[in-house]
Amino acid sequence: MIEEQLNNLKKEYLKTEMPHYLQNYGWQNLESRLAEVKSPQFSFFPKRAFAFAVLSVIILLISTLAISQKSKPGQTLYPVKVLSDQVYSQVTGNYEATIEKRAQEVIDTSGNGESFEEASKEYQKTLDEAKEKAKDENEEKKEELRKKLEQQEKRFENAQKEENQKSKNRLNDILERTRRTRGEVKGSKNERREKDNQRHDDDEKDNNSGNHNEDD
Amino acid sequence: MDNLSQLITKAKEGNKDAFGQIYNLFYKRIFRYCKFNLGNSRANDPQDICQETFLRAWKSLSNFSEKKGGSFQAYLFRIARNLIIDNSRKKKEVPLLEYQEIEDDTDLDEGIDKKNENQKLKAALGKLKEKDRQIIILRYFEEMTTAEVAKTIGTKEGAIRVRIHRILKNLKEIIERAK
């Protein structure tokens with residue numbers, strides 16, 4: 001019954017009158033408008049495929065970044081890790097976390113010459129960047145950086161105690177560089193710091209001469 | 001490869017003549033579909049939407065793929081349906097009741113009853129949800145397969161079959177209540 005009624009209405013539907021304009025000039029009108037639109041052959045790369053490609057690249061980048069965080073100096077993804085940390089430090093202005101990471105890498109690689117070279121190079125680079133950045137910062141920030149560097153010095157000193165002579169020498173070099181950088185982070189408390197450093201150097205000399213005497 | 005497939009392939013390569021032939025194959029169907037959905041109150045809208053449907057089809061032709069089981073008429077009607085929905089949102093929906101019947105030359109003896117029946121059915125169709133109304137128009141007036149209706153509406157074929165059964169029952173009830 002209802003199907004029959006629909007069939008009747010369909011007859012009326014099919015008799016819909018076509019407007020004169022559409023019948024005679026419809027295509028002409030459309031053809032002129034098609035000229036304003038990019039031809040389908042030039043948009044052969046479908047939007048979905050493009051979106052998928054972009055998404056894949058983003059996922060790949062994120063995964064690479066995540067994996068690179070576990071890499072060590074000398075490994076393929078280590079430069080990615082360094083670069084991401086560098087970007088983070090520059091954007092946030094926080095060099096403390098990066099310094100800490102690089103310092104740990106220096107300690108971890110002190111037994112391996114090649115890796116140590118790369119780690120110490122990156123550590124030095126981070127120190128230089130942090131020092132440059134600190135020039136424009138207020139006293140509070142400078143003090144924070146000095147404290148962070150002091151902490152690293154202690155870490156190097158502690159690490160030296162556990163390492164062999166070769167590693168000790170390497171770490172000593174790094175320790176010196178850290179102290180020098182700390183001294184260069186100028187501020188009102190600078191003089192006191194320099195005195196601290198001087199005292200520390202004197203203590204170390206005494207220790208070294210003591211060690212030599214013992215060796216003798 | 002049938003004739004339409006060849007025309008689509010050529011049109012995808014930027015051949016306007018091929019697209020012109022596609023236009024001639026479909027414009028009448030797209031126009032009456034727009035006209036039936038929009039009624040007579042907006043004189044130029046069905047014509048404009050019909051033209052806009054082909055313009056959009058041309059623009060996004062590269063997205064259409066027969067290899068993925070695409071039906072070209074479903075692709076066109078889907079664009080038309082979306083444009084009709086956009087148009088109705090902008091200008092507030094006009095019920096199908098406002099649709100003015102086209103004068104026809106049906107014999108007088110059967111004419112009056114049929115016209116009354118058709119008016120009642122149109123009124124009932126106007127009371128259906130938009131999606132349900134489209135399913136009926138596409139399946140019964142445009143004689144699409146359930147698979148094509150599903151593609152036009154954007155749902156599964158099985159769901160369409162079940163839905164048609166329910167819509168017909170619903171239509172019957174609406175007409176009964178109106179008596």
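Karplus couplings for the stretch B:6-14 from phi (6.51 cos²θ - 1.76 cosθ + 1.60, θ = phi - 60°), rounded to Hz, Gly and Pro as x?
3J(HN,Hα) across the stretch B:6-14, in whole Hz: 5, 5, 5, 4, 5, 4, 5, 7, x.
I'd like the Karplus ³J(HN,Hα) series for the stretch A:106-116: coefficients 6.51, -1.76, 1.60, θ = phi - 60°, whole numbers in Hz, and an x wherever there's a Gly or Pro.
Using θ = phi - 60°, the values come out as 4, 4, 5, 9, 4, x, 10, x, 5, 5, 4 Hz.
What does the average come to when, for each residue of peptide B:15-28, you count the partner chain Cβ atoms lying within 10 Å of its Cβ?
3
Evaluate the distance, in nm, between pseudo-label points positioned 7 Å from the Cα of residue B:120 and of residue A:29 along their respective Cα→Cβ axes.
So the label points at residue B:120 and residue A:29 sit 3.8 nm apart.
Just how many % of Cα pairs in the stretch B:103-179 lie over 15 Å apart, if you round to the nearest whole percent?
60
What nm value, rounded to one decimal, do you get for the distance between residue A:56 and residue A:147 when each label is placed 7 Å out toward the C-beta?
4.9
Work out from phi, with θ = phi - 60° and the Karplus expression 6.51 cos²θ - 1.76 cosθ + 1.60, the ³J(HN,Hα) of each residue of the stretch A:84-100, listed in order in whole Hz, and give x for Gly and Pro.
These are the phi-based 3J(HN,Hα) values: 5, 5, 4, 4, 4, 5, 5, 6, 8, x, 9, 9, 4, 5, 5, 4, 4 Hz.
Which FRET efficiency value, to the nearest 0.05, is calculated for residue B:147 and residue B:169 with the Förster distance at 25 angstrom and r the Cβ-Cβ distance?
Details: r = 22 Å, r/R0 = 0.89.
E(calc), rounded to 0.05, equals 0.65.
Within the stretch A:1-29, list the residues whose amide N lies under 20 Å from a label point set 7 Å along Cα→Cβ of residue B:176.
So the set is A:1-7.
Structure shown: which of A:135/A:161; B:28/B:179; B:90/B:120; B:10/B:127 lie over 31 Å apart, alpha-carbon to alpha-carbon?
In this structure, A:135/A:161; B:28/B:179; B:10/B:127 lie more than 31 Å apart at Cα.
Taking the convex hull of the alpha carbon atoms in the stretch B:1-95, what volume per residue do you get, in Å³?
Expressed per residue, the convex hull around the Cα atoms of the stretch B:1-95 is 95 Å³.
Whole number please: convex hull volume per residue, Cα atoms of the stretch A:81-187, in Å³. Working shown, then result.
Numbers: hull volume 8.4 nm³, N = 107.
Considering the Cα atoms of the stretch A:81-187, their hull volume per residue is 78 Å³.
Bear in mind these aren't lab numbers, they're just calculated from the coordinates by the rules spelled out. Not measured: the values here are computed from a predicted model. Quick reminder, even Gly has a Cβ in these numbers, built from the backbone with ideal geometry, and neighbours come from all protein chains shown.
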